[in-house]
Amino acid sequence: MLARALRLSLVLEIALYLALARFAFDASPATAALAALAGVLCLRAALLTLIYAYAWAYHSPASRLSPQQALVMVAGEYGALLLAFLLIFPFEHWWMGEDFLQPAADGAGPAGRRLPVLLVHGYGCSRAAWWWLRRRLVAAGWTVATINLEPVYTGIDDFVDPLARRVDAVLAETGADRVVLVGHSMGGLVARAYLQRHGESRVAGLVTLGTPHQGSRLAHIGYGENARQMRPGAPWLQTLASPAPVVDTVVIYSSHDNFVMPQSQLQLPGVPSQAIDGIGHLAMLFSPRVAQALLAALERLGARPLAAGSA
């Protein structure tokens, strides 16, 4: 559903730019095409500029970046934005294909073998958000599953039962008795809500990447019930905070996150966290440093013997 909506909106946007260039400015076809490309790129650059301005206004104290480091960070986030929303998300099927879940005998079940990993995407995204990181995890020997959370802008609680069904399906297909959940942004909140409703019996651990555990001021200008639930102090977040996760949890976040601010809201009280400097919220999905931290966390949470007698 999201892929179709993004393709349609992109076609309409390009058509608008072409029409303006051709009929309002009498541009040649080649010039109109260049103008349309410039319009697409400039609109997203302007949007990212506004987001960074918002992030700067409400930022938490963090290590200071040099001008060069800041430029690299912003350029990386801009590249991630373009790659995700212009290429990967609109054409999800081309990039992602189906999940390949190995049976237990090949790497998920008996003692000493790795548990399957279920990746949960964030707000306004789809399973295509995991294109790059999924490839890194599979290359490292992990069995990886994904899920699409739809409709996109409904309440976070509406995603919990679909996640529960996906957990059950992954366990049935792999023969494992537990999964490790990994959530990016809102996906970490969905995973926590799942644990609160369904318990930890089928989950060995949780890793969150850039999750607004205590909300984000940017959610005040977001669309949908799920955005309202991610505002700092929202009743939904207060309900989620009690009880705290009972499974082993690792929080990985950027101290320069541009979607979650103040960045201190990325931390989950009482849970170990790892801060990575100089990286944007979307760029986390394409970062070798984040991949390295995630793989280390998975080795601790998912590469360990299962309970005695488990299949």
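The values are calculated or read from the model by the stated rules, or taken from the named source; none is laboratory data. Quick caveat, the model's predicted, so the values are computed rather than measured. Ideal geometry is used to build each Cβ from the backbone, glycine not excepted, and the neighbour counts take in all protein chains shown.
Looking across region 132-156 at every residue that is in contact (Cβ under 8 Å) with a residue 60 or more places away in the chain and assigned to a helix (DSSP H, G or I), the one that is nearest to Gly79 (Cα to Cα) is identified as Trp132.
Trp236 fulfils the conditions (1) closer than 29 Å to Leu65 by Cβ; (2) out of contact with any Pro (no Cβ under 8 Å at 6 or more places or on another chain); (3) touching a residue at least 60 places away in the same chain (Cβ under 8 Å) except for a single criterion, (1). Across region 222-262, which residue is nearest to Ala291 (Cα to Cα) among those that are in a helix (DSSP H, G or I) and touching a Ser or Thr at 6+ places or on another chain (Cβ under 7 Å)? Among those residues, the one meeting the criterion is Asn226.
If the condition is being touching a Gly at 6+ places or on another chain (Cβ under 9 Å), surrounded by fewer than 24 Cβ atoms within 10 Å (Cβ to Cβ) and either of a type in the set (Gly, Ala, Ser) or in a helix (DSSP H, G or I) (or both), then region 263-288 contributes Gln265, Gly278, Phe286, Ser287. Can you find a residue in region 200-221 that is within 20 Å of Leu301 (Cα to Cα) and either among the basic types (Lys, Arg) or assigned to a helix (DSSP H, G or I) (or both)? Yes.
Please verify whether Val182 is over 25 Å from Trp131 (Cβ atoms) and β-branched (Val, Ile, Thr), treating the condition exactly as stated. For Val182, the condition - over 25 Å from Trp131 (Cβ atoms) and β-branched (Val, Ile, Thr) - is not met. Among the residues making up region 25-60, those that are among the small types (Gly, Ala, Ser) and more than 30 Å from Ser264 (Cα to Cα) are Ala27, Ser28, Ala30, Ala32, Ala33, Ala35, Ala36, Ala38, Gly39. The set of residues in region 156-204 that are surrounded by fewer than 20 Cβ atoms within 10 Å (Cβ to Cβ), closer than 24 Å to Arg231 by Cβ and of a type in the set (S, T, N, Q) contains only Gln196. Looking at Val120, Val74, just one residue is within 14 Å of the chain's Cα centre (by Cα), β-branched (Val, Ile, Thr) and at pLDDT 95 or above, and that residue is Val120.
Can you tell me which residue is farthest from the chain's Cα centre (by Cα) among those in region 44-69 that are among the polar types (S, T, N, Q) and part of a helix (DSSP H, G or I)?
Checked region 44-69; the qualifying residue farthest from the chain's Cα centre (by Cα) is Gln68.
Taking each residue of region 71-95 that is in contact (Cβ under 8 Å) with a residue 12 or more places away in the chain and under 24 Å from Leu8 (Cβ atoms) and looking for partners that are among the β-branched types (Val, Ile, Thr) and surrounded by fewer than 18 Cβ atoms within 10 Å (Cβ to Cβ) with beta-carbon atoms closer than 8 Å, six or more apart or interchain, yields Leu86/Val40. Considering region 70-107, the residues that are among the acidic types (Asp, Glu) and assigned to a helix (DSSP H, G or I) include one that is surrounded by the most Cβ atoms within 10 Å (Cβ to Cβ), namely Glu77.
Contact map, region 7-18: residues that are modelled with pLDDT of 95 or more and of a type outside the set (A, V, I, L, M, F, W, C) paired with residues that are surrounded by 12 or more Cβ atoms within 10 Å (Cβ to Cβ) and assigned to a helix (DSSP H, G or I), Cβ distance under 7 Å, separation 6+ or inter-chain. Pairs shown: Glu13/Val40; Tyr17/Ala35; Tyr17/Ala36; Tyr17/Gly39.
Of everything listed in (1) more than 15 Å from the chain's Cα centre (by Cα); (2) farther than 20 Å from Asn148 by Cα; (3) without any contact (Cβ under 8 Å) to a residue 60 or more places away in the chain, the single unmet condition for Ala193 is (2). Checking each residue in region 170-185 for being part of a helix (DSSP H, G or I), touching a residue at least 24 places away in the same chain (Cβ under 8 Å) and either out of contact with any Leu (no Cβ under 8 Å at 6 or more places or on another chain) or β-branched (Val, Ile, Thr) (or both) picks out Val170, Leu171, Thr174. For Ala24, the conditions (1) surrounded by 10 or more Cβ atoms within 10 Å (Cβ to Cβ); (2) without any contact (Cβ under 8 Å) to a residue 40 or more places away in the chain all hold with the exception of (1).
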